[in-house]
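Reading through the structure tokens given below for one structure.
The values are calculated or read from the model by the stated rules, or taken from the named source; none is laboratory data. Predicted model only: the values in this text are computed from it and were never measured. Reconstructed Cβ throughout: ideal geometry from the backbone, glycine too, with neighbour counts over all protein chains shown. With ligands, DNA and RNA removed, areas are computed over all heavy atoms of the protein, side chains included. Shrake-Rupley method; radii C 1.70, N 1.55, O 1.52, S 1.80 Å.
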Amino acid sequence: MLTMERHLQCQLSKFAPMKTLDDLLLLGDPRLYQVCDPVLPGELPLVKDWVADMHNVMQEIRECYHFGRAIAAPQLGIMKRVIYMNIDRPVVFINPVLSSLSDEKFELWDDCMSFPNLLVKVMRHKRITIDYLDENWQPQQWHMEDALSELLQHEYDHLEGILCTMRAVDEKAFKWRN
Ligand SMILES: [Zn+2]
């Protein structure tokens, strides 16, 4: 007969431990340069776990570095096309597609949780449209501009294996965060 302790261990071992800041991939990790795979319909139940991990790590980043509006699954080594954003409410973007990128662009100092002390000057489209599936696998469309537009361009790039360091406007477009 199992003791209560053994029983509890067996129960716990069924679940992967929650990802933490230690699981965040940092600049130079080859996985950050890989193109991610689409989420398949049968994988929808896993998305909830991935999002819980993304939420957890983003909270830790906010506590340590005082920034962080969104995170992409590959930053945690989950090589799937999922973005999690939490500004005033949590939003899950599954298999997002960007379109209607405006000709008008703007310049900004971008940051990234995978190199939290480095700022990179980049150009982003002022307006985009994003089509995606939500956490219930329902198609959604969102027209974004300015801060949301640049944020989702940054996160979408992660799904394509592109970091903002690769979009620096020139060789002096790097700054240490004070
Ligand atoms: Zn990033």
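Per residue, the convex hull spanned by the Cα atoms of the range 97-173 measures out at 96 cubic angstrom. Protein-only accessible surface at a 1.4 angstrom probe places the residues THR129, THR165 in the order THR165, THR129, largest first. When the chain is treated as a Gaussian network with alpha carbon springs shorter than 10 Å, the biggest mean-square fluctuation among LEU27, LEU119, LEU44 belongs to LEU44.
The GNM of the chain, with springs linking C-alpha atoms under 10 angstrom apart, assigns the highest mean-square fluctuation among LEU151, LEU40, LEU25 to LEU40. For the chain, carbon and sulfur atoms together expose 54% of the accessible surface, with a 1.4 angstrom probe and every protein chain in place.
If both residues of a DSSP beta bridge must be in the chain, then about 95% of such bridges are antiparallel.
Counting only protein heavy atoms and a 1.4 Å probe, the chain has 57 square angstrom of accessible area per residue.
Compactness ratio for the chain: Cα radius of gyration over 2.2 N^0.38 Å (N = residue count) comes to 1.13. Rounded to the nearest 500, the 222 nm mean residue ellipticity of the chain from helices alone is -8500 deg cm²/dmol, with -39,500 (n - 2.57) taken per DSSP H run of at least 4 residues. Here the chain is assigned +1 on the Cβ of each Lys and Arg and -1 on the Cβ of each Asp and Glu. Its dipole about the Cα centre then comes out at about 200 debye. Here each label is just a point 7 Å from Cα along the line to Cβ, and for PHE106 and ARG31 those points are 3.4 nm apart. A straight Cα-to-Cα reach below 28 Å connects LYS48 with the lysines LYS14, LYS19, LYS80, residues fewer than 8 places away in its own chain not being considered. The residue among LEU25, CYS164, LEU152 whose Cα reaches farthest toward the positive pole of the charge dipole of the chain, with charges on the beta-carbon of Lys, Arg, Asp and Glu, is LEU25.
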